[in-house]
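Let me begin by presenting the structure, written as structure tokens, before commenting on it.
The values are calculated or read from the model by the stated rules, or taken from the named source; none is laboratory data. The shown structure was predicted, so the numbers you read here are calculated from the model rather than taken from an experiment. Because the Cβ atoms are built from the backbone with ideal geometry, glycine has one as well, and the counts that use them run over all protein chains shown.
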Amino acid sequence: MDWLAGDRHHNARERIYDAAGALVEARGFDRLSIDLIARNVGCSRATVYRHAGGIEAIRDALLIRATTQVAETVAESVKSLPADERMVAAILMSLKVVRAHPVFAAVGSSTATARLIEQTLIGSPRVPAAAASIAGLPGDDPLAALWMVRVVLGLLYWPITEIEGGEEAIVRRFVAPLFG
């Protein structure tokens, strides 16, 4: 297949992101480089820069892609639940899906984790908006969505392992009543 046929810019960018994603899964974010991406795509460094930008733009794009995949999976899993269960289920499913996603696993092993999280996930208006939509939170309360995102991130980085079922119990006891 000619990877530059049709919408050349879009095809090139997607192929670059695919190669970068595979490299991140294998080596982590800290060892990702334009040279490696270009070599794996089979193009020049200039092509990578022209179609996908620099390394930070590629990292951001990978995180946005992964976040979109997680949001779609979570939304599908909670869409038929009653309103009073959606938020709890969305948080718990988000934890499960993010923990299983290879790009997010690479974020956890990155020395640049705080910057990646802050600039790409928390700094993006898309993430809280998606969280609000998925959980059925009111659109006129951005603080609720921001809080939900931080609950998920907090549990991702400091999981409750001391008590079996502890994460669900904490979400039900301390988070759900705030939105009920």
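With a requirement of 2 or more residues that are within 17 Å of the chain's Cα centre (by Cα) and either farther than 19 Å from Leu121 by Cα or polar (S, T, N, Q) (or both), the helices (runs of 4 or more DSSP H) lying completely within region 8-60 that satisfy it span 8-27. Could you list, in sequence order, the residues of region 135-152 that are buried (at least 16 other Cβ atoms within 10 Å of the Cβ) and touching a helix residue (DSSP H, G or I) at 6+ places or on another chain (Cβ under 7 Å)? Selection gives Ala135, Gly136, Leu137, Ala144, Ala145, Met148, Val149, Val151, Val152.
Here Ala176, Ala132 are screened, and the one residue that is surrounded by 15 or more Cβ atoms within 10 Å (Cβ to Cβ) and under 20 Å from the mean Cα position of the chain (by Cα) is Ala132.
The rows are residues; the columns are (1) within 30 Å of Ile55 (Cβ to Cβ); (2) at pLDDT below 85.
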residue: Ile117; (1), (2): yes, yes
residue: Leu121; (1), (2): yes, yes
residue: Arg126; (1), (2): yes, yes
residue: Ala135; (1), (2): no, no
residue: Gly139; (1), (2): no, yes
residue: Arg150; (1), (2): yes, no
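For Ser124, the criteria (1) part of a helix (DSSP H, G or I); (2) within 23 Å of Gly21 (Cα to Cα) hold in every case but one, which is (1). Out of the residues in region 82-111 meeting the condition of being surrounded by 15 or more Cβ atoms within 10 Å (Cβ to Cβ) and outside any helix (DSSP H, G or I), tell me which one is modelled with the highest pLDDT. Among those that are surrounded by 15 or more Cβ atoms within 10 Å (Cβ to Cβ) and outside any helix (DSSP H, G or I), it is His101.
Per-residue answers, yes or no, for (1) among the aromatic types (Phe, Trp, Tyr); (2) part of a helix (DSSP H, G or I):
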| position | (1), (2) |
| --- | --- |
| Ala130 | no, yes |
| Ser133 | no, yes |
| Asp140 | no, no |
| Ala144 | no, yes |
| Trp147 | yes, yes |
| Arg150 | no, yes |
| Leu153 | no, yes |
| Ile160 | no, no |
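Within 15 Å of Leu121 (Cβ to Cβ) and either touching a residue at least 24 places away in the same chain (Cβ under 8 Å) or touching a strand residue (DSSP E or B) at 6+ places or on another chain (Cβ under 8 Å) (or both) - does that describe any residue in region 73-90? For region 73-90, residues within 15 Å of Leu121 (Cβ to Cβ) and either touching a residue at least 24 places away in the same chain (Cβ under 8 Å) or touching a strand residue (DSSP E or B) at 6+ places or on another chain (Cβ under 8 Å) (or both): present.
Assess whether Gly42 counts as being on the phi > 0 side of the Ramachandran plot and at pLDDT 90 or above. Against the criterion (on the phi > 0 side of the Ramachandran plot and at pLDDT 90 or above), Gly42 qualifies. Please work out if Glu167 is of a type outside the set (Val, Ile, Thr) and in a loop (DSSP other than H, G, I, E, B). No; evaluated as a whole, the condition is false for this residue.
Taking each residue of region 118-141 that is at negative phi and assigned by TED's automatic domain parsing to the domain that holds Leu81 and looking for partners that are at pLDDT below 80 and not in a loop (DSSP other than H, G, I, E, B) with beta-carbon atoms closer than 7 Å, six or more apart or interchain, yields Val127/Leu121; Leu137/Phe179. Counting residues in region 42-59 that are surrounded by fewer than 16 Cβ atoms within 10 Å (Cβ to Cβ), farther than 17 Å from Phe104 by Cα and of a type in the set (S, T, N, Q) gives one or more.
If you filter region 61-81 down to residues that are among the polar types (S, T, N, Q) and part of a helix (DSSP H, G or I), you find that the one that is nearest to Leu156 (Cα to Cα) is Thr67.
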